[in-house]
Structure formats: structure tokens, C-alpha cells
Amino acid sequence: MDFRTDRQRVEGLGSAHEGVGHWWSQRITSIALVPLTLLFIFPFARHLGQDYAAVRAAYANPFNAIVALLLIVTVFLHLWQGLQVVIEDYVQGKPARTALLLANTLFCWAMGLVGVFAVARIVFAG
Amino acid sequence: MADVNPPNRPLSPFMIGPVYRPQITSVMSILHRVTGVGLTLAAILVVWWFLALGAGPADFARVDGFLTSWFGGLILIGSLAAFWYHFCNGIRHLFWDAGYGFDLPTVHKSGKAVIAATAILTVLTLILAF
């Protein structure tokens, strides 16, 4: 049983029915991505085109692996949130919009989990 | 209530171009979204690269070979430029979200700074990569 009044339940939520939750969540992933992308991109740029053993050893290192894992998870959360807003803003018509929003959710979660699997395999498969 | 009359109104960027002259503010705003959507491809490529790195030397050679080919290189250069733009302009957005830098001269100045930083950081990472 909900003891709150109807007014209490909707106050501050607005027409989107979720208030500033989505907006705020997107800022959190944005801020997290500032250090994560910086920690990732410079080593990554160096590793591109290097030989297999060296690159593999680099990402078997716990620090690099954790950075990669955090980055992948945060990137796909951020991408999910961002693409959602773009779809909501530019795609007209409920069927197309709903289909794209669903596809976005499935795509981002699938890619994120595949990414986590890929890094975990590098670390644990030795 | 909202769905009683399916709106036949124009969708968002219809103002820019025929109605409203493109300006550094509007163009940079839409570029933030364009680069964000485009970076989807970069995210897929990074996951693909990690998958191949875990799979073994043969798979890694194929993916790494593609990324260091001229076509893959073109995608990488585009991705790097898109990333640095989205990164720098994202920080600009975070400052706005915190309530700073809203007056027009500052908006123009920070916009130019973002473009300059994007160019410098893109070249810097490219030098590191090649």
C-alpha cells in the first residue's frame, strides 16, 4: 500500500514521468567517462598495430583490464542513454519509435556484455 | 491525452537552414549529437578488437590488420576526431549544466576552444598511433 498522496507521487516528475532521473544519470556517465576515456585512449593508440603478445600482456594487467571494463560498461550505458534521447527527439510515429528504442536497449546491453566477456577472457584465459 | 491528436508538427532541426541561419552554436550542438551517434561504430570496433585479442593471434591479426589498413585507418581517424570533439564539447556541456558560461561571448569563445582542442588532440593521438 502506498501511503503517499497522488500529488506526492507525481510531484517533480513532469510529462516524461521520470523527472530528471534520465538527465542526471546521463551526467553521471559523462563525468565518469572523462577520466576513463583518457586512461584508455592513449595506451590504446599505442597498442594499435603492435604485436599480439605485447598487447595481450598489456590488457591481462589488472589495472588496464579494470579500466577497459569500466570504460566498456560506462560507454554502453552512456550510448544507451544518448541514443534514446536522439530517437525520442527525431523519430516520429509510435511504432517506429518504440521499435528503435527497443533495438537500442537490446543492442547496447548486448554489446556491453560482449565487451565485458571479451576483456574477462583476456584476463582469465591467461 | 497527449496521444489523442497525433502531432503533425515538424521535427526538431527544421529551424536550421530554411528558417534560421546556421551559426557556430547550432552547428556545434548538432555536431555533438552526430559525433555521439557516429561513435557507436567506434564502440563496436573497440569491442571487436578486444574479442579478437582474447580469441588468439590469428583473429587479432585480422582485426588489427583491418584497423591499420587505409580504410580502417580512415574510420579510426574519423572516430578519433569524433571522440575528441564529443569529449571536449561534452565538458563544455557539463559546465553549462553546472550553470557556467551561458553568455554569448563565452559560448562563442568556448566553442572555438573546443574546435581547436579537438584538432590538437586528434593530431596528438594520431602521432601516438602511427
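The values are calculated or read from the model by the stated rules, or taken from the named source; none is laboratory data. All figures in this text were calculated on a predicted structure; none of them were measured in a lab. FYI the Cβ positions are ideal-geometry reconstructions off the backbone, even for glycines, and counts take in every protein chain you see. To get the accessible areas, we keep the full protein, side chains included, count just its heavy atoms, and leave off ligands, DNA and RNA. Shrake-Rupley method; radii C 1.70, N 1.55, O 1.52, S 1.80 Å.
What is the local net charge at B:Thr25, summed over the other residues whose Cβ is closer than 15 Å to its Cβ (Lys, Arg +1; Asp, Glu -1)?
Details: positive: B:Arg21, B:Arg33, B:Arg92, B:Lys109, B:Lys112; negative: B:Asp103.
Summing Lys and Arg as +1 and Asp and Glu as -1 gives +4.
Of the heavy-atom accessible surface of chain A (probe 1.4 angstrom), what whole percent is carbon and sulfur? Walk me through the numbers on the way to the answer.
Details: 5290 of 7410 Å².
In chain A, the share of accessible area belonging to carbon and sulfur is 71 percent.
If one computes P(r) from the Cα atoms of chain A, what percent of pairs lie at distances over 27 Å? Mind showing how you got there, number by number?
Values: 3050 of 7875 pairs.
The answer is 39 percent, as a whole percent.
Going out from 0 in 5 Å bins, what whole percent of all Cα-Cα distances in the protein assembly as shown drops into each bin?
1, 5, 11, 14, 16, 15, 13, 10, 7, 4, 3, 1, 0
How high is the relative contact order of chain B, given as a whole-number percent (alpha carbon pairs under 8 Å, six or more residues apart)? Intermediate values should be presented prior to the final figure.
Numbers: 63 pairs, mean separation 35.1, N = 130.
For chain B, the relative contact order is 27 percent.
How high is the relative contact order of chain A, in percent, with contacts defined as C-alpha pairs under 8 Å that are six or more residues apart?
29
Leaving ligands, DNA and RNA out of it, report the carbon-plus-sulfur percent of the accessible area of chain B at a 1.4 Å probe. Provide the component values of the computation, followed by the final result.
Details: 5560 of 7620 Å².
That share works out to 73 percent.
Through the Karplus equation 6.51 cos²θ - 1.76 cosθ + 1.60, θ set to phi - 60°, convert the phi angles of segment B:61-69 into ³J(HN,Hα) values in whole Hz; use x for Gly and Pro.
Calculated HN-Hα couplings, in order: 4, 5, 5, 5, x, 5, 5, 9, 6 Hz.
Once the Cα atoms of helix B:70-97 and of chain B are each reduced to a long axis, what angle between those two axes, in degrees from 0 to 90 to the nearest 10, is obtained?
40
Please compute the per residue accessible area over chain A with all protein chains in place, 1.4 Å probe, rounded to a whole number of Å². Mind showing how you got there, number by number?
On the way: 7410 Å² over 126 residues.
Accessible area per residue, chain A: 59 Å².
Could you give the length gained by full extension between B:Thr68 and B:Ile24, i.e. 0.36 nm per residue of separation minus their alpha carbon distance, to one decimal place? Spell out each step's value before the answer.
Working: separation 44, 0.36 × 44 = 15.84 nm, distance 3.36 nm.
In short, 12.5 nm is gained.
Stretched out fully, how many nm does the piece from B:Leu11 to B:Leu128 gain, at 0.36 nm a residue minus the Cα gap?
Details: separation 117, 0.36 × 117 = 42.12 nm, distance 4.17 nm.
Going from the current span to full extension adds 37.9 nm.
Can you list the residues in segment A:39-79 whose accessible area drops by at least 40 Å² when all protein chains are present, compared with the chain alone? Use a 1.4 Å probe, heavy atoms only.
A:Ile41, A:Phe42, A:Phe44, A:Ala45, A:Leu48, A:Tyr52, A:Leu79
Show me you know the interface measure: the accessible area buried between A and B, both chains summed, probe 1.4 Å, in Å² to the nearest 100.
Details: alone 9140 and 9440 Å², together 15030 Å².
Its buried surface, counting both partners, is about 3600 Å².
Which listed residue (B:Leu67, B:Thr25, B:Phe83) has the Cα farthest towards the positive end of the charge dipole for the protein assembly as shown, taking +1 on Lys and Arg C-beta and -1 on Asp and Glu C-beta about the Cα centre?
About the Cα centre, the residue reaching furthest to the positive side is B:Thr25.
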